[in-house]
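The values are calculated or read from the model by the stated rules, or taken from the named source; none is laboratory data. Given the structure is predicted, the values throughout are model-derived calculations rather than measurements. We place every Cβ from the backbone using ideal geometry, glycine too, and count neighbours over all the protein chains shown.
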Ligand SMILES: C[S@@+](CC[C@H](N)C(=O)[O-])C[C@H]1O[C@@H](n2cnc3c(N)ncnc32)[C@H](O)[C@@H]1O
């Protein structure tokens, strides 16, 4: 979807939202905690990653869980918003294992086979579908042999009808989580301007093209889907 006239870029949107982001996301994403626990549940216990890459760290909600699970790993955190990175740095001020990279996913370049684990939460849908396909190819290259790429994100439904039902139900759910109609309108405006949801089938296809050995959708509820891929 092209950016509408006068609308903010995704960077400007998150720069502006950075201070209230953590509280907003918690009242706007149903079963947010379950998404994190599912993501970690499927990572093999014998992986023991020394170097981890996180795509789209935001204020550090997934980062927090990575640190808890892998306290000695070196973690590379990427985000396009310098303001949100500032918040994230503040949150983990004492942690010496974090390296922040203020960049667009599309401009990233790492050494081949550099990471044992690459993760992301609710961020990849901000790039266009062709860009996602390219990113998945790069991610596989950056992973060591048997390395894992696992992420959760907002996905489109397989049909417009399913997608519409998922969005209607999401509206009901966020009100139960304590959001109001102002939050919902803001979220829908943001979705119109900055989101490129893709279907499960599309994302699986791009991961297959990237030549991941194992690919699975391990969890799904409405738009939220957890994907697991291993090199
Ligand atoms: C919805 S937030 C998710 C943050 C965090 N992972 C979480 O679960 O709370 C999406 C994040 O992706 C970042 N982002 C969006 N598009 C990006 C891009 N093209 N390159 C790098 N970061 C991007 C935004 O700045 C934002 O911090």
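Considering 210, 201, 229, the condition of being within 16 Å of the chain's Cα centre (by Cα), farther than 14 Å from residue 154 by Cβ and at pLDDT 95 or above is satisfied by 229 alone.
Within the range 89-111, residues that are free of Cβ contacts under 8 Å to residues at least 40 places away in the same chain and closer than 25 Å to residue 136 by Cα reach partners that are within 11 Å of the ligand (Cβ to nearest atom) and part of a loop (DSSP other than H, G, I, E, B) with beta carbons closer than 6 Å, at six or more positions or on different chains, in the pairs 104/80.
Could we say that residue 153 is touching a helix residue (DSSP H, G or I) at 6+ places or on another chain (Cβ under 6 Å), under 20 Å from residue 38 (Cα atoms) and in contact (Cβ under 8 Å) with a residue 24 or more places away in the chain here? Before you say what the answer is, go through the steps one by one.
Working: touching a helix residue (DSSP H, G or I) at 6+ places or on another chain (Cβ under 6 Å): yes; under 20 Å from residue 38 (Cα atoms): yes; in contact (Cβ under 8 Å) with a residue 24 or more places away in the chain: yes.
Yes; evaluated as a whole, the condition is true for this residue.
Of the residues making up the range 196-215, those that are under 16 Å from residue 39 (Cβ atoms) and without any contact (Cβ under 8 Å) to a residue 24 or more places away in the chain number 2. Close Cβ contacts (under 8 Å, 6 or more residues apart or on different chains) running from residues in the range 66-77 that are farther than 12 Å from residue 95 by Cα to residues that are modelled with pLDDT of 95 or more and in a helix (DSSP H, G or I) comprise 69/40; 77/63; 77/85; 77/88. Only one of the numbered conditions (1) part of a loop (DSSP other than H, G, I, E, B); (2) under 25 Å from residue 49 (Cβ atoms); (3) touching a strand residue (DSSP E or B) at 6+ places or on another chain (Cβ under 8 Å) is not met by residue 211, and that is (3). So, in the range 167-193, exactly how many residues are in a loop (DSSP other than H, G, I, E, B) and either in contact (Cβ under 8 Å) with a residue 12 or more places away in the chain or surrounded by 13 or more Cβ atoms within 10 Å (Cβ to Cβ) (or both)? Residues that pass the stated criteria total 3. In the range 116-125, the condition of being surrounded by fewer than 20 Cβ atoms within 10 Å (Cβ to Cβ) and on the phi < 0 side of the Ramachandran plot is met by no residue. Across the range 142-166, the number of residues qualifying as loosely packed, with under 15 Cβ neighbours inside 10 Å and not in a strand (DSSP E or B) comes to 7.
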